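Derivation of every value follows stated rules applied to the coordinates shown; laboratory data play no part. Just so it is clear, the structure is predicted and the values come from calculations on it, not from any experiment. Methodologically, a virtual Cβ is constructed for each residue, glycine included, from the backbone with ideal geometry; neighbour enumeration extends over all protein chains shown.
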Amino acid sequence: MSEDIVKPRVGLITKDDARRHALKKVLNVGGFSVAVSLDVNNLAEDLCNNEADIDAWLLDLTDSDIQAVLNIVVENSTKLFLINDEIPAGDDVQNYDYWQRRLLEKLEVVALPQESEIASEQLCEGQDEKNTAWADKVWVLAASLGGPEAVSRFLKNLPTSLPIAMVYAQHTETNFDSQLVQTISRAQNYPVQLVRGEQMLCHGEIFVVPVDRQLRFLPFGKVVEKQKSWDGIYQPVIDQVIAELARLYRDKLGVIIFSGTCNDGEIGVRVAKACGSTVWAQTPESCVSPDMPQSAIDTGCVSEHGTPEELADLLSEQLLA
């Protein structure tokens, strides 16, 4: 990167000096500038004092610190943030290289908005909120193995036209998301569509997250399909979908973690909880695969759990009370 190009500025939050050194080295090699490095102590004041100096925060935390630090970051910063994965040992060359590449790619998402996204944000800022039909309340339906069956059961028990938009993030194979739309459409009465191009999240509709393209959620219900594919083993990345929506909708967001393999969604629900969002989960014993809801429950962020039918009844009661 040439010297006349301004490097994206990252604020690093960690309390481990060895990891701090390793992360600074990786970020500098990747073309990012570590503008500030903070310890978790006195974090609220330090965040406010350094907010103007960074483009995004990188959080490197232990399990015991993560929820408390997330609460502080969400409360005191308006900047996007990324939570670092565990750093592999330096002699594990293959995994270390993969971790490094994945970290830099994800930082590009939070610190380097594309020109098309900036234009969309500016367009949204100029819209008249009163003259648009965007949904001010959104619920994320997140699932993997066993998800389509569980989500179909949930939707069948919902009354029509609830005053929410639903964003359905389902792990699946490339090109199967269109088939998923057809399957879910046959199972219930809500309109279902795969997000492509630029769309508006509207009340009473279900929006399926594509498996081959990342999404950017913007103010006033706008969602933009990006040209960048999802990073990670499973697509779409549920953590990313939940976290981005939580930072935007805060207490107007709800999340339900349904049946699924792996722990995708665990970080997302932590961010959602810190943002004041509602987090529910399917009871593990009612799942084809209990891993995803159990991982969410283990975070302590889940306030309600039940079968798909019980969750549908609970949501109906809350929205129609």
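Applied to region 242-250, the Karplus parametrisation 6.51 cos²θ - 1.76 cosθ + 1.60 on θ = phi - 60° returns per-residue 3J(HN,Hα) values of 5, 4, 5, 5, 5, 5, 8, 9, 6 Hz, with x for Gly and Pro.
Taking Cβ atoms as reference points and 13 Å as the exclusive limit, the residues near Leu103 contribute a net charge of -1, counting Lys and Arg as +1 and Asp and Glu as -1.
If you restrict to DSSP beta bridges whose two residues both lie in the chain, what percentage is antiparallel, to the nearest 5? Don't skip to the answer; put the middle values down first.
Numbers: 7 of 43 bridges.
In the chain, approximately 15 percent of DSSP beta bridges are antiparallel ones.
Once the Cα-Cα distance is subtracted from the 0.36 nm per residue extended length, the Arg196 to Asn175 segment shows a gain of 6.2 nm. Each Lys and Arg contributes +1 and each Asp and Glu -1, all at the Cβ; summed about the Cα centre of region 213-321, the dipole is approximately 800 debye. What the Cβ-Cβ distance of Leu320 and Thr183 gives, at R0 = 30 Å and to the nearest 0.05, is a FRET efficiency of 0.65.
For Thr307, the amide hydrogen comes within under 5 Å of the amide hydrogens of Thr283, counting only partners 5 or more places away or on other chains and with H modelled in the peptide plane. Relative protection proxy for 234-247, 76-89, from highest mean packing down: 234-247, 76-89 (other beta-carbon atoms within 10 angstrom). Ignoring aspartates and glutamates fewer than eight residues from Lys228 along the same chain, the ones with Cα atoms less than 19 angstrom from its Cα are Glu105, Glu108, Glu115, Glu117, Glu121, Glu173, Asp177, Glu198, Asp212, Asp239, Glu244. Placing a label point 7 Å from the Cα of Asn49 along the Cα-to-Cβ direction, the residues of region 62-98 whose backbone N falls under 20 Å from that point are 69-70, 72-79. Here's how it looks for Cys262: its modeled amide H is under 5 Å from those of Asp291, Met292, which are all 5 or more places away or on a different chain. Between Lys24 and Glu105, the simple spin-label model (points 7 angstrom out along Cα→Cβ) gives 2.8 nm. Here's the picture: charge each Lys and Arg Cβ at +1 and each Asp and Glu Cβ at -1 in region 19-76, and of Asn28, Leu43, Leu58 the one pushed furthest to the positive end of that dipole is Asn28. Can you give the net charge of the other residues whose Cβ lies under 13 Å from the Cβ of Gln94, counting K and R as +1 and D and E as -1? Net of charged neighbours comes to -1. How far is helix 17-29 tilted off the main Cα axis of the chain, in degrees rounded to 10, range 0 to 90? Helix 17-29 sits at roughly 90 degrees to that axis. Taking the Cα centre of the chain as reference, the dipole from Cβ charges on Lys and Arg (+1) and Asp and Glu (-1) amounts to some 560 debye. Distant-in-sequence amide contacts of Phe81, defined by a placed amide H-H separation under 5 Å and a gap of 5 or more residues or a different chain, comprise Trp57. To test your reading of the geometry: what angle, between 0 and 90 degrees and rounded to tens, separates the Cα axis of helix 147-156 from the longest principal axis of the chain? Here the helix axis deviates by roughly 50 degrees. The candidate values were (i) 1.04; (ii) 0.96; (iii) 1.20; the one computed from these coordinates for Rg/Rh (Cα atoms, Kirkwood Rh) carries the label (ii).
Placing +1 on the Cβ of every Lys and Arg and -1 on the Cβ of every Asp and Glu, with nothing else charged, gives region 9-112 a dipole about its Cα centre of roughly 300 debye.
Computed 3J(HN,Hα) for region 258-266, one whole-Hz value per residue from the Karplus formula 6.51 cos²θ - 1.76 cosθ + 1.60 where θ = phi - 60°, is 9, 3, x, 8, 5, 10, 4, x, 4, glycine and proline marked x. Only helices enter the 222 nm calculation for the chain: every DSSP H run of n ≥ 4 contributes -39,500 (n - 2.57), and dividing by all residues gives -12000 deg cm²/dmol, rounded to 500. Can you check what the net charge comes to around Tyr168, using other residues whose Cβ is under 12 Å from the Cβ of Tyr168 (Lys, Arg +1; Asp, Glu -1)? My count for the surroundings of Tyr168 gives -2.
Which of the pairs Lys79/Lys106; Lys106/Lys273; Lys156/Lys273; Lys106/Lys226; Lys137/Lys222 have their Cα atoms more than 20 Å apart in this structure? As for pairs spanning more than 20 Å Cα to Cα, those are Lys106/Lys273; Lys156/Lys273.
Rounded is the label for region 129-320, because the ratio a/c of its alpha-carbon gyration tensor axes (a ≥ b ≥ c) stays below 1.5.
Contact order, relative form, for region 1-106: 27 percent (alpha carbon pairs under 8 Å, 6 or more residues apart, mean separation divided by residue count). A dipole drawn for region 129-320 from +1 and -1 charges on Cβ atoms has a positive end, and of Leu215, Gln235, Trp139 the residue lying farthest that way is Leu215.
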